[in-house]
Each structure stands twice: as structure tokens, then as C-alpha cells.
Amino acid sequence: MLRIHAAELLVVRLPLKFRFETSFGVQTEKVVPLLVLHGDGVQGLSEGTMEFAPMYREETIVGALHLLREVFLPRLLGQTFANPEALHDALGSFRGNRMARAMVEMAAWDLWARMLNVPLGTLLGGRRNSVEVGVSLGIQPDEAATVDVVRRHVEQGYRRIKLKIRPGWDVQPVRAVREAFPDIRLTVDANSAYTLADTGRLRALDEYGLTYIEQPLAWDDLVDHATLQGRLRTPLCLDESVASAQDARKGLALDAGRVINVKVARVGGHAEARRVHDLAQAFGAPVWCGGMLESGVGRAHNIHLSTLPGFTLPGDTSSASRYWETDVVNEPLEAHDGLMPVPTGPGIGVTLNRDFVERIAEVQEEFHP
Ligand code: OSB
Ligand code: MG
């Protein structure tokens with residue numbers, strides 16, 4: 001049984017080691033909300049991946065903090081649940097806000113796995129001890145800088161390079177990178193910056209052997225993606241517009257995309273992420289695990305999810321040291337030759353660096369029944 005005795009909310013601000021530019025803006029730091037659920041002698045950890053401003057999807061950090069403090073945690077504290085799914089069901093009457101609900105659900109999975117003394121990946125049904133990873137590279141000032149940053153990451157062994165693109169910065173970087181590296185697995189991510197009026201521009205990308213084009217059209221669209229897919233040879237990959245297994249089913253049934261980027265928090269947690277994975281497998285569609293510039297807590301969750309067998313394309317969960325001078329967890333999460341080892345301890349297999357986190361915390365609150 002899963003008994004929730006207490007909870008802690010911590011919010012830290014981490015400077016990013018690189019400037020991350022996408023079609024929706026520039027990021028130089030990350031605000032990371034962390035949740036600790038206290039059970040019987042063990043603690044479960046999770047990280048919120050909603051952002052300061054609703055640029056990727058609609059959820060925000062202040063919105064999530066409000067829901068956790070005033071709505072979700074009061075429903076869970078002092079209660080006992082049969083398993084993480086039963087705990088998640090206790091929040092089932094609430095609409096949307098999947099990233100906020102996922103914070104509770106993911107911490108419950110970590111807590112449950114630690115209680116059972118098994119790695120989370122094993123509990124979810126995964127069987128790998130390392131997962132293949134690539135990198136997501138932000139928009140660079142010019143083509144030379146793009147080729148340069150790609151070269152550095154290819155040399156580190158990353159198994160796929162993803163370039164962020166936007167209208168006016170798409171064919172040029174892709175052509176430059178493809179000329180320099182004819183054989184690498186290459187993809188692009190537009191974060192919803194295009195419309196069907198740009199079909200010609202996107203069709204020009206068909207020449208460069210991309211594994212997929214990620215989320216070219218609106219964040220909440222499936223229908224226009226299906227129209228676009230009918231006009232392109234390159235597979236589309238859905239990210240923003242899949243918030244559930246039902247969305248995945250509709251997207252694949254419509255041929256709105258042929259690949260799915262699974263982000264565990266975007267779909268509301270591990271149980272729903274596994275349903276997206278299972279559904280995609282039934283359609284014969286590959287999935288891969290996306291990232292949201294996570295700290296070590298969210299990164300460890302992503303690694304465990306990626307051990308499921310349908311994750312057949314490299315994910316975005318690259319080495320933590322690429323992002324942070326100091327991480328919030330004690331264990332290094334480092335890929336070698338494009339393979340990220342799965343932490344072997346119980347649960348997500350990482351522990352909070354309390355000294356560091358409490359020293360920099362902008363929010364530190366405790367909750368009791
Ligand atoms: O679209 O996959 C995305 C980061 C923030 C928001 C959206 C996305 C991303 C990334 C970075 O691509 C992936 C990572 O390195 O964690
Ligand atoms: Mg994306």
C-alpha cells in the first residue's frame with residue numbers, strides 16, 4: 001500500500017551552460033519545481049516540466065504550484081492508495097493540467113518502486129540497462145556555428161542530432177550539416193512554428209534524409225499535420241499535440257505523424273506514457289523519449305521510461321553535465337558513446353543533493369495531513 005505521510009515542494013533556479021534558442025524563444029536558465037512525497041520509510045521524487053511562461057504548452061509553474069498546494073496535495077496527504085495508478089485516479093476528476101498531475105504521479109511511482117526495492121524501469125516493464133540517446137541543439141547564429149556544434153556532439157558519440165528550426169532558418173542549417181555529415185541520423189524540430197502555407201519550404205527538407213520532422217504545425221493540431229504528412233516523404237513526429245494515449249491513437253489513425261515523442265509529464269505521468277508506448281507499438285510506430293531540459297530528477301525518470309521495448313529511436317536525454325555545472329542529484333547521469341546507463345538503485349536510482357538544493361531553494365514548503 002502507498003501511504004502519503006507528508007510532502008515537500010522545492011523550487012530551484014539553475015543556470016543553463018548553453019543558450020538554448022528555439023522557434024518560441026531563448027532560454028538561459030531553468031526554474032525547476034521538485035516534489036518529494038514521504039511514504040513508509042521512503043521518499044519519492046519528481047520534477048515539474050511546465051515552464052515559467054506557457055511557450056511550449058499551456059501549463060505554467062505558478063499554476064502548478066497553486067494546484068499542488070491548494071488542490072492536489074490536500075487530497076492525497078494522510079491517504080492510502082493501492083498503487084501509483086490508484087493515487088493518480090484520485091486526481092482523475094480534474095481537467096487538463098497534466099504536467100502538474102504528473103508531478104504527483106511520477107513521485108508516487110518512484111516511491112512505489114523504492115518500497116518494492118526495484119528500479120523504476122523494471123517496474124514499468126523495461127529490460128534495458130542502458131538507453132540510446134541523441135542531442136537537441138538550439139538555433140545557432142550561422143551555418144558554420146551549427147556545423148561546429150554538431151561536430152562536437154557527433155564526436156561525443158550521440159546517436160542522433162536534432163536541430164531546432166524556424167521559418168527562415170530551416171533548409172540552410174540542414175543542408176550545411178548534411179554536407180558535412182552525410183551519414184548521421186539527423187532530425188529537425190520546429191516547435192509549431194509553421195502552417196500549411198509553408199508546405200513548399202517543408203517539402204524542400206525531403207532532400208536531406210531526415211529521420212523525421214518534429215511538430216511543424218500548431219501545438220494543438222492533428223488534422224493539418226495529416227494533410228502535411230500526405231504531402232511529404234519525410235515522416236512527421238508528434239510532440240506538443242500528443243497529450244494522451246487517445247491523442248496518440250487519433251494522430252496515428254489519421255496519419256498525422258508516423259513517430260511519437262513521448263514526454264512523460266506532457267501526457268500526465270508514467271502510466272499514460274506507457275499507454276502511448278503500447279498504442280504506438282500496436283500501430284508499428286516507433287517512439288522515443290523527449291526532454292524538457294530536466295534536472296537530474298526528471299532526467300532519471302526519462303531514462304527509466306526509455307527502457308521500454310518500443311523506444312526504438314534515440315531520445316533527447318543527453319548527459320546532465322551538458323546542461324548544469326551542479327545538478328540537484330548526487331549521481332552523475334552521463335552518456336558514453338551515445339548510451340546512457342540506467343541508474344541501478346531502487347526507484348529512479350538517484351538521490352537529492354539536499355545541501356545544494358536547500359541552499360539555492362526559492363521555495364521550500366512542507367505539507368502535512
Ligand atoms: O520540443 O523537444 C522539445 C526543450 C524544451 C521544450 C521543448 C523541447 C525541448 C528540447 C530539449 O528539445 C530536449 C532536452 O535536451 O531536454
Ligand atoms: Mg519537440
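The values are calculated or read from the model by the stated rules, or taken from the named source; none is laboratory data. Everything numeric here is computed off the predicted structure, so don't read it as measured data. In this analysis, Cβ positions are derived from the backbone assuming ideal geometry, glycine residues included, and neighbour counts consider all displayed protein chains.
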* Asked: Any chance segment 153-160 includes a residue that's in a helix (DSSP H, G or I) and touching a strand residue (DSSP E or B) at 6+ places or on another chain (Cβ under 9 Å)?
  -> yes
* Asked: From the list Asp220, Asp239, which one is charged (D, E, K, R), buried (at least 21 other Cβ atoms within 10 Å of the Cβ) and within 16 Å of ligand 1 (Cβ to nearest atom)?
  -> Asp239
* Asked: Is it the case that segment 118-129 has a residue that's among the small types (Gly, Ala, Ser), in contact with a strand residue (DSSP E or B) (Cβ under 8 Å, 6 or more places away or on another chain) and not in a helix (DSSP H, G or I)?
  -> no
* To do: Can you give me the number of residues within segment 328-338 that are surrounded by 16 or more Cβ atoms within 10 Å (Cβ to Cβ) and in contact (Cβ under 8 Å) with a residue 40 or more places away in the chain?
  => 3
* Any chance segment 102-115 includes a residue that's within 18 Å of Ala273 (Cα to Cα) and out of contact with any strand residue (DSSP E or B) (no Cβ under 9 Å at 6 or more places or on another chain)? -> no
* Structure fact -> Here the residues within segment 242-271 that are surrounded by fewer than 24 Cβ atoms within 10 Å (Cβ to Cβ), in contact with a Ser or Thr (Cβ under 9 Å, 6 or more places away or on another chain) and in contact (Cβ under 8 Å) with a residue 40 or more places away in the chain are Val259
* Structure fact -> The lone condition Arg57 fails out of (1) at pLDDT below 95; (2) assigned to a loop (DSSP other than H, G, I, E, B) is (1)
* **Within segment 283-293, considering residues that are in a loop (DSSP other than H, G, I, E, B) and within 23 Å of Gln27 (Cα to Cα), the one nearest to ligand 2 (Cβ to nearest atom)** => Gly290
